1. Quick check: anything in the range A:26-42 among the basic types (Lys, Arg), within 13 Å of chain B (Cβ to nearest Cβ), near ligand 2 (Cβ under 8 Å from one of its atoms) and assigned to a helix (DSSP H, G or I)?
2. For the range B:67-99, how many residues are within 27 Å of B:SER28 (Cβ to Cβ) and β-branched (Val, Ile, Thr)?
3. Would the range B:107-115 turn up any residue that is within 13 Å of ligand 3 (Cβ to nearest atom) and either within 14 Å of chain A (Cβ to nearest Cβ) or surrounded by 21 or more Cβ atoms within 10 Å (Cβ to Cβ) (or both)?
4. Return yes or no: is B:ASP267 within 16 Å of ligand 4 (Cβ to nearest atom), acidic (Asp, Glu), open to solvent by 30 Å² or more (accessible area, probe 1.4 Å) and over 21 Å from the mean Cα position of the chain (by Cα)?
5. Just give me the residues in the range B:270-288 being within 8 Å of ligand 4 (Cβ to nearest atom) and open to solvent by 30 Å² or more (accessible area, probe 1.4 Å), in sequence order.
6. Kindly indicate whether A:CYS28 is buried (at least 16 other Cβ atoms within 10 Å of the Cβ), of a type in the set (A, V, I, L, M, F, W, C) and more than 22 Å from B:PHE151 (Cα to Cα).
7. Can you go through B:ARG244, B:ARG159, B:ARG251 and tell me which one is farther than 25 Å from A:TRP62 by Cβ, over 20 Å from the mean Cα position of the chain (by Cα) and without any contact (Cβ under 8 Å) to a residue 12 or more places away in the chain?
Amino acid sequence: MRKTKIIIDYSKCGNATGGIDPRQCSKCLQVCDPAVFVRHMAFNVKEDNPYDPQFWQITPVWLSLCTHCGKCVKACPQKAITVTF
Amino acid sequence: MCDWCMKHGAGGKWYLNARNYSYELAESMNLQAYLEEQWKNFEQVYIRKIMGISSIGLGYKLRMPIIGRVLRWSAERMIHSESRNRNPVRADGHFGQVIPIEEAKLIMLNLAAEPIIQNYCMCRMMQKGIKDVCCINFGVLSTVIEKLPRFIPENTKVRLGREEAAAVLEEQNRKGRVTTVWFQPVPYICAICSCEAPQCGGLRLRMDFGLHTVYKAEYYAEVDPDLCQGCKTCIAGCQFGAIRFSPTLKRVLIDQSKCFGCGLCRDRCPHDAIRLVPRDENPVLRGKY
Ligand code: SF4
Ligand code: SF4
Ligand code: SF4
Ligand code: SF4
Ligand code: SF4
């Protein structure tokens with residue numbers, strides 16, 4: 001079984017790891033028809049107000065539904081996404 | 001009626017039983033603290049490891065021999081958990097059912113506990129980055145969500161009256177969203193959502209992975225061959241791919257094994273050609289939720 005791998009370069013996207021805040025972009029979420037990506041608050045960071053988290057990142061979750069269309073790779077302004085097997 | 005009606009329906013449908021909406025129930029389950037824990041970091045739910053396994057690549061994990069079967073079994077158990085030591089961060093005991101719009105309105109007007117709020121749809125926000133005011137939450141959950149700024153709509157009212165909330169749901173139905181009612185956690189009911197696949201987490205787990213996060217409605221759609229004019233309006237409304245136009249018959253066919261009974265096709269048919277039939281009345285579809 002071929003398994004899709006999607007890698008996000010968190011030094012480019014993810015504001016807890018030196019990248020941009022994905023809430024300001026989210027292009028990958030919008031162009032991906034099967035909705036493979038999830039935008040979520042970062043783990044293990046110190047938030048001033050845990051009810052209003054400020055550190056976010058993107059994780060490709062539903063990998064088995066990715067069709068390798070390449071739209072996310074093209075749309076990402078940070079060139080942070082790689083899709084391979 | 002499904003198993004959940006037997007257990008929590010007091011002789012009727014689970015979502016029409018007033019007790020499941022009551023503050024007494026929420027209090028006896030200590031839900032304020034539970035839901036706060038669950039909602040604070042809800043967007044992490046698919047990424048977090050649960051018993052060593054996260055939802056990342058779930059489709060592949062479910063296909064693994066043996067492990068896949070165990071995983072499916074434990075996921076179903078978690079989704080439907082009624083155990084005392086439920087874990088809020090796994091969203092234990094959180095599942096729902098599709099309902100037609102008239103039942104959603106009935107719930108809003110008569111059963112939902114106040115305060116009633118409208119807020120951004122979490123699924124659309126976390127999977128599409130889109131802010132869309134459409135979820136109606138009520139009872140204890142409202143006061144929990146009101147503490148979380150990211151879900152609170154800008155420039156619009158948050159707390160709604162019963163009629164206003166019913167109107168919001170009707171508007172969403174008109175847009176083509178599937179109306180769903182949710183246990184959170186079972187048997188407490190505190191949300192009516194207007195969902196759209198594939199970015200709805202509940203529909204995703206059901207439609208793509210066969211997990212019972214969302215049950216089909218107590219109804220299924222039936223088309224009257226004499227009334228259908230073949231205009232195809234209904235097809236665009238079905239999120240479940242259950243309707244197609246037959247060039248031979250010059251009318252539509254509904255695949256009832258695919259139909260979730262949402263009623264969207266019925267609601268938009270200009271010729272009143274579709275009706276919802278109670279699932280219980282059909283010997284083949286009865287019990288198939
Ligand atoms: S390659 Fe296409 S299907 Fe796969 S994650 Fe990117 S946009 Fe989605
Ligand atoms: S498109 Fe690229 S930069 Fe934008 S949110 Fe997605 S991963 Fe981050
Ligand atoms: S269940 Fe449906 S309406 Fe509710 S948050 Fe998810 S997609 Fe939005
Ligand atoms: S909308 Fe009504 S009349 Fe038109 S095709 Fe569908 S069932 Fe037939
Ligand atoms: S056929 Fe009609 S009732 Fe059934 S799922 Fe499709 S739109 Fe909903």
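The values are calculated or read from the model by the stated rules, or taken from the named source; none is laboratory data. Only a predicted model underlies this, so the values are computations on that prediction, with no experimental measurement involved. Reconstructed Cβ throughout: ideal geometry from the backbone, glycine too, with neighbour counts over all protein chains shown. Only protein heavy atoms, including side chains, enter the accessible area calculation; ligands, DNA and RNA are left aside. Shrake-Rupley method; radii C 1.70, N 1.55, O 1.52, S 1.80 Å.
1. Here is the first cut: in the range A:26-42, the residues among the basic types (Lys, Arg) are A:27, A:39.
Narrowing the set further to residues that are within 13 Å of chain B (Cβ to nearest Cβ) leaves A:27, A:39.
From what's left, near ligand 2 (Cβ under 8 Å from one of its atoms): A:27, A:39.
Going one step further and asking which of them are assigned to a helix (DSSP H, G or I), we end up with A:27.
Yes, the range A:26-42 has at least one match.
2. Count: 3.
3. We begin by selecting, within the range B:107-115, every residue within 13 Å of ligand 3 (Cβ to nearest atom); these are none.
Within the range B:107-115 (the criterion being within 13 Å of ligand 3 (Cβ to nearest atom) and either within 14 Å of chain A (Cβ to nearest Cβ) or surrounded by 21 or more Cβ atoms within 10 Å (Cβ to Cβ) (or both)), the answer is no, since none of the residues qualifies.
4. Values: within 16 Å of ligand 4 (Cβ to nearest atom): yes; acidic (Asp, Glu): yes; open to solvent by 30 Å² or more (accessible area, probe 1.4 Å): yes; over 21 Å from the mean Cα position of the chain (by Cα): no.
In short, no.
5. As a first pass, look at the range B:270-288 and keep what is within 8 Å of ligand 4 (Cβ to nearest atom): B:270-274.
Scanning the range B:270-288 gives B:PRO270, B:HIS271, B:ASP272.
6. Values: buried (at least 16 other Cβ atoms within 10 Å of the Cβ): yes; of a type in the set (A, V, I, L, M, F, W, C): yes; more than 22 Å from B:PHE151 (Cα to Cα): no.
No.
7. On the way: B:ARG159 fails: without any contact (Cβ under 8 Å) to a residue 12 or more places away in the chain; B:ARG251 fails: without any contact (Cβ under 8 Å) to a residue 12 or more places away in the chain.
Result: B:ARG244 is the single residue among B:ARG244, B:ARG159, B:ARG251 that is farther than 25 Å from A:TRP62 by Cβ, over 20 Å from the mean Cα position of the chain (by Cα) and without any contact (Cβ under 8 Å) to a residue 12 or more places away in the chain.
Let's see how each residue does on (1) touching a residue at least 60 places away in the same chain (Cβ under 8 Å); (2) within 28 Å of A:GLN30 (Cβ to Cβ); (3) not in a helix (DSSP H, G or I):
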position: B:ASN137; (1), (2), (3): no, yes, yes
position: B:VAL144; (1), (2), (3): yes, no, no
position: B:ARG150; (1), (2), (3): no, yes, no
position: B:ASN155; (1), (2), (3): no, yes, yes
position: B:VAL168; (1), (2), (3): no, yes, no
position: B:ASN173; (1), (2), (3): yes, yes, no
position: B:THR179; (1), (2), (3): yes, yes, yes
